[in-house]
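To start, the structure under review is shown below, and the notes come after it.
FYI, it's all coordinate maths here, none of it is from the lab. What you see is a predicted model, and the numbers here were worked out from it, not measured in a lab. Note that we place each Cβ from the backbone using ideal geometry, even for glycine, and neighbour counts take in every protein chain shown.
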Amino acid sequence: MTNLTQLQKEVMDYDKKYGWNKDKESHIVLHMSEELGEISRRILRLEGYKTEKFKRAELAEELVDLLYLTLKLANKFDIDMEKEWYAAFERYEKKSSRK
Ligand SMILES: [Mg+2]
């Protein structure tokens, strides 16, 4: 099974292959906004606000696009996302609203 560290390394290798590891942080964030908009559009279709037909496969693609960019941005700052993932869940468990 692939873990988050492996996925993050795959993103790094892929970006280096095409020279996209040099993309500016601000461009990555703007691209993330674009992908979030694409996710939003799929949800609006699901709920009938947009007339196009909702397709689960399209939502999956957009979620992956956003994950790819999240890992790409993390790579720019040398952030270990798997480590941060588990640290975040520890914080979530300790929140007073969970008790
Ligand atoms: Mg997309």
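Could you calculate the contour length gain from HIS27 to LYS83, that is, 0.36 nm times the residue separation minus the distance between their Cα atoms, to one decimal place in nm?
Here the segment from HIS27 to LYS83 would lengthen by 17.6 nm.
Restricting attention to the stretch 8-99, which GluC sites (Glu not before Pro) occupy a DSSP loop and are surrounded by at most 14 other Cβ atoms within 10 Å?
Here the GluC sites (Glu not before Pro) that fit, given the DSSP loop and packing criteria, are GLU47, GLU52.
Give me the percent relative contact order of the stretch 4-98, please, defined on Cα pairs under 8 angstrom at least 6 residues apart.
37 percent
Taking only the alpha-carbon atoms of the stretch 4-98, what semi-axes of the equivalent ellipsoid follow from 5 times the gyration tensor eigenvalues under a square root, in whole Å, largest first?
Values for the stretch 4-98, descending: 26, 22, 12 Å.
Amide H neighbours of LYS50 under 5 Å, counting only residues 5+ apart in sequence or on other chains, H built in-plane at 1.01 Å?
Hits under the 5 Å cutoff: ARG45.
Length gain on complete extension for the stretch LYS76 to GLU10, per 0.36 nm per residue less the alpha carbon to alpha carbon distance?
That pair, LYS76 and GLU10, stretches by 22.4 nm at full extension.
How many Lys pairs in the chain lie less than 16 angstrom apart by Cα atoms, where the lysines are 8 or more positions apart or on different chains?
Lysine pairs meeting the criterion: 15.
Counting other Cβ atoms within 10 Å, keep those with at most 13, restrict to DSSP loop, and tell me which trypsin sites (Lys or Arg not before Pro) in the stretch 52-82 are left.
Passing both the DSSP loop test and the Cβ count: LYS53, LYS55.
Within the set of other residues whose C-beta is less than 15 Å from the C-beta of GLU52, count the net charge using Lys and Arg as +1 and Asp and Glu as -1.
+2
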